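**Q** The structure under discussion is supplied below as structure tokens; questions concerning it will follow.
The values are calculated or read from the model by the stated rules, or taken from the named source; none is laboratory data. All of these numbers come straight from a predicted model, not from anything done at the bench. All Cβ positions, glycine included, derive from the backbone under ideal geometry; neighbour counts span all protein chains shown.
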Amino acid sequence: MKNAVALAASAVLATGCSSMPGAGPSATAELSPTQGNTARGSVTFTQSGDRVKIVASLSGLPAGAHGFHVHEKGDCSAADAMSAGGHFNPSGKPHGHYESGERHAGDMPSIVADASGNATLTVTLDAMAVGAGAADIVGKSVIVHKDPDDYKTQPTGNSGARLACGVIRKTA
């Protein structure tokens, strides 16, 4: 009887945990440097309800802030990563601040590198999705730019050249 109660309790806990926010699909991009650059790293995207948690870890960047965006094509084949196209923008909105309602789905905060060229970022955003819908980022790319995003210049935020690119692939 004791074992039956324990098994029932385990089943209830497992069912409850699988429906908790954060248990949604995830995707990862492994970023490689564009020609003449050394930036590289990884970015993980995890669906949590109607938001996506983004965790990035990069190295080889010049110190300072760098534009950081999801781009429309999952193609990093060009030496300068221009094959990735423009910012991912399924709703046809202007480029804007990542907390604004009027922005591209691919607009994210600039990532800031320390004096050693390392940068990390953890943020949760609401304009994108992992694995479903028009705002699905799977199969798109992540780009790290040379300059910080000014969040107003159209359509790119004046972020400059592309330092690294990685295709977003579903992992779970």
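**Q** Can you pull out the residues in the range 148-168 that are buried (at least 19 other Cβ atoms within 10 Å of the Cβ) and among the hydrophobic types (A, V, I, L, M, F, W, C)?
**A** Residues satisfying the conditions are 163, 164, 165, 167, 168.
**Q** Show the residue pairs meeting these rules: Cβ distance below 8 Å; 6+ apart or different chains; first residue within the range 80-105 and closer than 18 Å to residue 146 by Cα; second residue of a type in the set (Val, Ile, Thr) and in a loop (DSSP other than H, G, I, E, B).
**A** 80/34; 81/34; 86/156; 87/156; 95/153; 95/156
**Q** Would you confirm, using the coordinates I've provided, whether residue 24 is modelled with pLDDT under 95, of a type outside the set (Lys, Arg), within 30 Å of residue 69 (Cα to Cα) and in a loop (DSSP other than H, G, I, E, B)? Break it down into steps so the answer makes sense when it comes.
**A** Numbers: modelled with pLDDT under 95: yes; of a type outside the set (Lys, Arg): yes; within 30 Å of residue 69 (Cα to Cα): yes; in a loop (DSSP other than H, G, I, E, B): yes.
Against the criterion (modelled with pLDDT under 95, of a type outside the set (Lys, Arg), within 30 Å of residue 69 (Cα to Cα) and in a loop (DSSP other than H, G, I, E, B)), residue 24 qualifies.
**Q** Still on this structure, please answer the following. If you go through the range 54-71 one residue at a time, do you hit one that is surrounded by fewer than 20 Cβ atoms within 10 Å (Cβ to Cβ), farther than 19 Å from residue 147 by Cα and at pLDDT 95 or above? It would help to see each step written out before you state the result.
**A** Taking the range 54-71 first, the residues surrounded by fewer than 20 Cβ atoms within 10 Å (Cβ to Cβ) are 55, 57, 59-60, 62-65.
Filter again for farther than 19 Å from residue 147 by Cα, leaving 55.
Retained after the next criterion (residues that are at pLDDT 95 or above): 55.
Yes, that holds for at least one residue.
**Q** Let me ask something additional. Sort out which residues of the range 55-77 are in contact with a helix residue (DSSP H, G or I) (Cβ under 9 Å, 6 or more places away or on another chain), in contact (Cβ under 8 Å) with a residue 12 or more places away in the chain and of a type outside the set (Asp, Glu), and write them in order of number. Outline the logic, then answer.
**A** At the first step, the residues of the range 55-77 found to be in contact with a helix residue (DSSP H, G or I) (Cβ under 9 Å, 6 or more places away or on another chain) are 71-77.
Pick out the ones that are also in contact (Cβ under 8 Å) with a residue 12 or more places away in the chain and you get 71-76.
Scanning the range 55-77 gives 71, 73, 74, 76.
**Q** Follow-up question, since we're still on this one. Test residue 136 against the criterion of being crowded, with 18+ Cβ neighbours inside 10 Å and within 23 Å of residue 47 (Cα to Cα), and give yes or no.
**A** yes
**Q** Go through 103, 51 for me and flag whichever is surrounded by 20 or more Cβ atoms within 10 Å (Cβ to Cβ) and charged (D, E, K, R). Step through it out loud before you land on a result.
**A** On the way: 51 fails: surrounded by 20 or more Cβ atoms within 10 Å (Cβ to Cβ).
None of the other options fit; the residue is 103.
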